[in-house]
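The values are calculated or read from the model by the stated rules, or taken from the named source; none is laboratory data. Only a predicted model underlies this, so the values are computations on that prediction, with no experimental measurement involved. When we count neighbours, we look across all protein chains shown, and the Cβ atoms used for this are built from the backbone with ideal geometry, even at glycine. These accessible areas exclude ligands, DNA and RNA; they are computed on the full protein's heavy atoms, side chains included. Shrake-Rupley method; radii C 1.70, N 1.55, O 1.52, S 1.80 Å.
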Amino acid sequence: MTPSTRPASRNADPAHPFRVGLIGYGLAGSAFHAPLIATTPGLRLDAVVTANPDRRAQLHSEHPDARAVDTPEQLLADPDALDLVVIASPNRTHVPLARAALTAGLATVVDKPLAATAAEALELCELAESHGTLLTVFQNRRWDGDFLTAARLVREGALGRVHRFESRFERFRPKPKAGWRELADPAEAGGTLYDLGSHLVDQALALFGPVETVYAEIDVRRDGAVVDDDAFLALTHAGGTRSHLWTSAVTPLAGPRLRVLGDAAGYVKSGMDPQEADLRDGRRPDGTAPWGADAPARYGTLGTDGSTAALPTDPGDYPAFYAGVAAALADPGTPPPVDPRDAVAVLTVLEAARASAATGTTVRLD
């Protein structure tokens, strides 16, 4: 994919950072994207789309130099005033807003999932390529400390040949909450499979490559729920590794966050990466304190039944995503931090999972 052909030279100077327009100031926009953009050298949070008075007040308090804009159309009406658009609005808006931003020649970041279908995601990739415009997807869980640790162990061969990867994002929320993620319309791409399942599948593909077969069990467990809240996926990778993935809102006792088993050793890690909680609590990766550090009590275990040891977790690094975006904007030869075609592969697996669960069969991918 070719990054944006919009001139980068005038913004390569740190004194003149790339101007970012953020669409959406709900949880994703306010707790994840805005603070990460604002603390990334070379980027400036210039404008935020939100018409909600309370969110506007929050924006003014948290980012007083950013201007509030009523609608995405107003933001995109003057594309020369921006260098990057970040889409952190509800899933149903991802495709039309990304299409509009890319058509305007603006580099674009889209929160996961990129689209509701693999076909729509592929359309956006091809549109970006035809316009020579940067497109990338906010798969921030690639920079969780536990995943970075597991990826390093796999890369270094510390586990030997890995035959099984287990990964979970499990919560206990027995009553559905109001919001678009609980809506049944497929265009909303709601439910836990598309929400946390997007992260699980992305991590599995990043570690072990393409998938040949998909088996899934997808359920609606909670009273009053109309979208999936409990899912299990079994993936067989082309290299032979099997990934078993769980995402659930009805798990009163969570299993290990990660378990990676090889023919030489295994790695087991429990507990969630601390970065989301830190961002929600208002802490920022601004260099004033260590970022992404796991507590020693939450370190994982490396070894075999005969010999194990606690393994310090590699620091989590969500700031690396936007640092990668800034680098890709400054140098057209630098790839984006997440290839958007990876999102097509993720959605292809999620669609196969739905087909598998509906038919009770294993689905083979070409």
5 Å-binned pair-distance histogram of the stretch 236-309 (Cα, whole percent): 3, 11, 17, 17, 18, 15, 11, 6, 2
Surface accessible to a 1.4 Å probe, per residue, for the residues of the stretch 122-235, Å²: 40 Å²
Computed over the stretch 195-238: relative contact order in percent, which uses C-alpha pairs under 8 Å that are six or more apart: 39 percent
Helix-only CD estimate at 222 nm, as mean residue ellipticity for the chain, using -39500 (n - 2.57) per DSSP H run (n ≥ 4): -9000 deg cm²/dmol
Global size of the stretch 41-80 as Cα Rg and Dmax, reported in angstrom: 10.7, 29
Within-12-Å neighbourhood charge of residue 112 [Cβ basis; K, R +1; D, E -1]: -2
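Using Stokes-Einstein with the Kirkwood hydrodynamic radius over Cα pairs, what translational diffusion coefficient do you get for the stretch 126-183 at 25 °C and a viscosity of 0.890 mPa s, in µm²/s rounded to a whole number?
Taking Rh from Cα pairs, D becomes 155 µm²/s.
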Estimated distance in nm for a label pair at residue 71 and residue 103, the labels positioned 7 Å out from Cα along Cα-to-Cβ: 1.5 nm
q = 0.13, 0.14 Å⁻¹, the chain: log10 I(q)/I(0) [Debye, one scatterer per Cα]: -1.09, -1.26
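Ignoring ligands, DNA and RNA, what percent of the 1.4 Å accessible area of the chain is carbon and sulfur?
In the chain, the share of accessible area belonging to carbon and sulfur is 52 percent.
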Inter-label distance for residue 152 and residue 234, nm, one decimal - labels placed 7 Å from Cα along Cα-to-Cβ: 3.3 nm
Kirkwood Rh, angstrom, the stretch 214-366 [1 / mean 1/r, Cα pairs]: 19.0 Å
Nearest-ten-degree value, helix 53-62 long axis tilted from longest Cα axis of the chain: 90 degrees
Cα-based Rg of the stretch 158-281 normalised by 2.2 N^0.38 Å, two decimals: 1.13
Semi-axis lengths (Å, descending) of the ellipsoid that matches the C-alpha gyration tensor of the stretch 9-139: 22, 18, 13
Local net charge near residue 81, Cβ-Cβ under 11 Å (Lys/Arg +1, Asp/Glu -1): -2
Anisotropy class of the stretch 273-343 from Cα gyration tensor, a/c 1.5 cut: oblate
Rounded to whole Å, sorted largest first: equivalent-ellipsoid semi-axes of the stretch 131-228, Cα gyration tensor: 29, 19, 13
Dimensionless Rg over Rh [the stretch 230-272; C-alpha; Kirkwood]: 1.01
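Once the piece of chain linking residue 119 and residue 51 is laid out straight, how much longer is it, given 0.36 nm per residue of separation minus the C-alpha distance between them?
21.4 nm
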